[in-house]
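Structure first, then comments.
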Amino acid sequence: MGCCFSKRRNSEKEAQPQGEEEPPKQYSWDQREKVDPKDYMFNGLKNETVGRLPGKVAGQQFLIQDCESCNIYIFDHSATITIDDCTNCVIFLGPVKGSVFFRNCRDCKCALACQQFRVRDCRKLEVFLCCATQPIIESSTNIKFGCFQWYYPELAFQFKDAGLSIFNNNWSNIHDFTPVSGEVNWSLLPENAVIHDYVPLPTTNELQAVRISTEANRSIVPVTQGQRQKNSDESCLVVLFAGDYTIANAMKLIDEMVHLGFFLMQTKEVSMKAEDAQRVFRERAPEFLQLLNKGPVIALEFNGDRVVEDCQNVVNEIFKSTKTFVSQNKETASRDIDGFYNFADIQMGI
């Protein structure tokens, strides 16, 4: 007993003209653009300046290995980047969605932004870093860290494409997996370190087309003091709630406060729930609950004498229509800061 579907298929085959083969089936994965791994690799170079322009990596993985005395610039976002067996190199990496892993490298100077940062079996690296999680070193010595500061027009969009927040930067919160008693395997670069003295701008005509600035006041990532010793006993916490211009407002506030001589210690961008607001804002929590549904909050910690009073004045002048939380006085500021950043560290998984 036959099947009506099989008869239909047979009739279709009979209707096909003789001598013509049935075209092969097309699948979506067959139509993807083929990726050549060589386009996402620098291998075995010596005394060269090389790089990738914005749009040329577009979220792919990248590998840098066995390079000596090279200047390497990746002006795009990528998935992960591994740097193996490189010596005396200058390396700039645009935002990396996942990890940056240095292995068996020495005498390198770097500037980079990533979700995770790890160094193993390396010595004498100087790194200007933006890292969303706690940076890790292992079996390494003489690793020095500074805060990432860099600008070119495409960089802000690349941070978004990589899923990174410019305000989540744990550059100085280093974890050493293999500490040695009596020895310090890592340290912070001098506060007055000038980034282009370590990572100079590219010199080739192709890479010079990228409009770069290394000035701190133009940096996409706010330049923070991190774990450095505070200059004053007085600090202030400012929390900006989500809105149309939250990022622009945060950067404007940073510019104003730094211009007044205060120090930006740390920043954070996290989502909050009602119970989180209760722990952080305490008696003022009810006035902020509805705002939490609009998106993540941005928190800034400033330090300096009279910072609470001056910060409240600046906020009142600039953000009349924007809802903010500012430490009420210097006696409660430390409690506010600890309450927020302890909560934020938990949220970020630090």
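Laboratory data are not the source of any read-out in this text; all were calculated from the coordinates shown. None of the values given here were measured: they were computed from a predicted structure. Positions of Cβ are backbone-derived with ideal geometry, glycine not excepted, and every protein chain shown enters the neighbour counts.
Assorted remarks:
- Among (i) 50, 41, 41; (ii) 63, 52, 35; (iii) 91, 55, 43, the entry derived from the coordinates for Cα extents along the principal axes in Å: (iii)
- In this rough spin-label picture, where each label sits 7 Å from Cα along the Cβ direction, the Y245-D84 distance is 5.0 nm.
- Pairwise inverse Cα distances across the range 39-208, averaged and inverted, put the Kirkwood hydrodynamic radius at 15.7 Å.
- Sequence-separation-based contact order of the range 39-208, relative, with Cα cut under 8 Å and 6+ spacing, percent: 17
- Counted residue by residue at 0.36 nm each, then reduced by the alpha carbon distance between them, the extension gain from D233 to E275 reaches 12.2 nm.
- Burial order of peptide ranges 285-294, 88-97, 300-309 (average beta-carbon count within 10 Å, highest first): 88-97, 300-309, 285-294
- Model label sites at E68 and R306, defined 7 Å from Cα along the beta-carbon direction, differ in position by 5.8 nm.
- For the range 230-348, the calculated P(r) over all alpha carbon pairs, in 10 Å bins from 0 to the bin holding the longest distance, is 14, 50, 33, 3 percent.
- Charges were assigned to the Cβ only: +1 to each Lys and Arg, -1 to each Asp and Glu. The resulting dipole of the chain about its Cα centre is roughly 620 debye.
- For K160, a cut-off of 12 angstrom between C-alpha atoms picks up these aspartates and glutamates, skipping any fewer than 8 places away in its own chain: D76.
- Förster radius 30 Å - calculated FRET efficiency between K160 and Q208, Cβ distance, rounded to 0.05: 0.75
- Per residue, the average separation of C-alpha pairs within less than 8 Å and at least 6 apart gives the chain a relative contact order of 11 percent.
- If the segment from K34 to K46 were pulled out straight at 0.36 nm per residue, it would be longer than the present Cα-Cα gap by 1.5 nm.
- Rounded to the nearest 0.05, the FRET efficiency derived from the C-beta distance between R282 and D345 at R0 = 22 Å is 0.70.
- Mean separation of Cα contacts under 8 Å, 6 or more apart, over the residue count of the range 230-348: relative contact order %: 46
- Neighbour-count order for K56, K268, fewest beta carbons within 10 angstrom listed first: K56, K268
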